[in-house]
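Peer 1: Before we start, here is the structure in question, set down as C-alpha cells.
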C-alpha cells in the first residue's frame, strides 16, 4: 500500500497537538512530531478526505484556543512503512499517570509493583494513549474516586477512543460493568482490541448514540471538547447517578463548563490541573 504524510505546522504546541489529534482519532495509523510540525500517516488513496478531516480537527482545536492554522496542513510523500510504525515506539513509553495507574505500550515490558493497575495498550491502533494531559487528568481522577470510596456497579465512558478510560475503570472497580461509546467505528474496533488485550469482558463498546443508553450510572466519564460537552450536558447529567468526570477542557473553559452542569443539578466537587501542565483541566461533579 502507498502512504502519504499529512503535515500540520504547530509551533511550540506540536507535542500537545499531536497527542490531542491522536486522542481525537485523526491519526489512526500513527503520528509523530518533527520539530514544530505534526505528521500523520494515511493511505494515499484517502489523502484528500484525510487532509480535509485534519483541517477540520485543527479548526476545532483553534476554536478552542490553540494557536494553529488549519489551512497550513499539507500532503507530502510518506516515509517507508517501517519508519512510521517505529514512530509510535519513539513517542510512547511506559508511564505512570496516576498513583496506581501505569500505561504499558505493547512493545515494552513492565514488572508491576504492589497495587499497580496496569493498562496494556497498542497506540499504533489507539485513539487515546494517555499522552495528552486531558487523558491523564481523567485517569488521575478515576484513581482518586476509587481510593476515596466511590462505589461503582455500572460506568459509562462517552467518547471512549482507545478504550483507555473504560479499561482503567474496569480494573479499578472489579466486578463493575461498563458501556464505552464512540461515534467512530474505527475507534470502537480499537477499543474492543484493547479491552481484549487487557482481558476485560465486562465492558460493551459500541458506536451507539448516548440517547440509546438507558438508565443512570454510578460513574460517567467524558473526555471530549468543551463545545461538545456543553451540547451533551442534559444527556450526560441524566445518566449520572453518582460521579461525573469531564475533561478535554482548556483551563479557561473548565469553570464555565462546570457551571453548565451544576445548573442542571449536579454538585461541583473540584476542578483540577496537572502540576506539569496547567493548560488543561478536568471537572468532577456529583449527583
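The values are calculated or read from the model by the stated rules, or taken from the named source; none is laboratory data. No experiment lies behind these values; they were computed from the predicted model shown. Note: ideal-geometry Cβ built from the backbone for every residue, glycine included; neighbour counts use all protein chains shown.
Yes or no, residue by residue, for (1) within 24 Å of residue 104 (Cβ to Cβ); (2) buried (at least 22 other Cβ atoms within 10 Å of the Cβ); (3) touching a residue at least 60 places away in the same chain (Cβ under 8 Å):
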residue	(1), (2), (3)
183	no, no, no
190	yes, yes, yes
202	yes, no, no
261	no, yes, no
281	no, yes, yes
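Peer 1: Residues that are on the phi > 0 side of the Ramachandran plot, surrounded by 14 or more Cβ atoms within 10 Å (Cβ to Cβ) and modelled with pLDDT under 85: does segment 23-33 have at least one?
Peer 2: Checking segment 23-33: at least one residue is on the phi > 0 side of the Ramachandran plot, surrounded by 14 or more Cβ atoms within 10 Å (Cβ to Cβ) and modelled with pLDDT under 85.
Peer 1: Return the pairs, sorted by first residue and then second, in which the second residue is in a helix (DSSP H, G or I) and buried (at least 17 other Cβ atoms within 10 Å of the Cβ), the first residue lies in segment 140-161 and is without any contact (Cβ under 8 Å) to a residue 60 or more places away in the chain, the beta carbons are less than 6 Å apart, and the residues are 6+ apart or on different chains.
Peer 2: Hits for this filter: 146/172; 160/166; 160/191.
Peer 1: Just a yes or no: is a residue in segment 53-72 closer than 21 Å to residue 249 by Cβ and free of Cβ contacts under 8 Å to residues at least 12 places away in the same chain?
Peer 2: Checked against the condition, which is being closer than 21 Å to residue 249 by Cβ and free of Cβ contacts under 8 Å to residues at least 12 places away in the same chain, segment 53-72 yields at least one hit.
Peer 1: Mind checking which residues of segment 167-179 are closer than 25 Å to residue 19 by Cβ and in contact (Cβ under 8 Å) with a residue 40 or more places away in the chain? Spell out how you get there, then give the answer.
Peer 2: Here is the first cut: in segment 167-179, the residues closer than 25 Å to residue 19 by Cβ are 167-172, 178.
Residues satisfying the conditions are 167, 168, 169, 171, 172.
Peer 1: Something else: If I go through segment 94-112 residue by residue, how many of them are assigned to a loop (DSSP other than H, G, I, E, B), surrounded by fewer than 18 Cβ atoms within 10 Å (Cβ to Cβ) and either in the same structural domain as residue 163 (by TED's automatic domain parsing) or modelled with pLDDT of 85 or more (or both)? Quick ask: steps written out before the conclusion?
Peer 2: Of segment 94-112, the ones assigned to a loop (DSSP other than H, G, I, E, B) are 94, 97-100, 106-112.
So of that shortlist, the ones also surrounded by fewer than 18 Cβ atoms within 10 Å (Cβ to Cβ) come out as 94, 99, 106-112.
Next, from what is left, pick out any that are either in the same structural domain as residue 163 (by TED's automatic domain parsing) or modelled with pLDDT of 85 or more (or both): 94, 99, 108-112.
Residues in segment 94-112 being assigned to a loop (DSSP other than H, G, I, E, B), surrounded by fewer than 18 Cβ atoms within 10 Å (Cβ to Cβ) and either in the same structural domain as residue 163 (by TED's automatic domain parsing) or modelled with pLDDT of 85 or more (or both): 7 in total.
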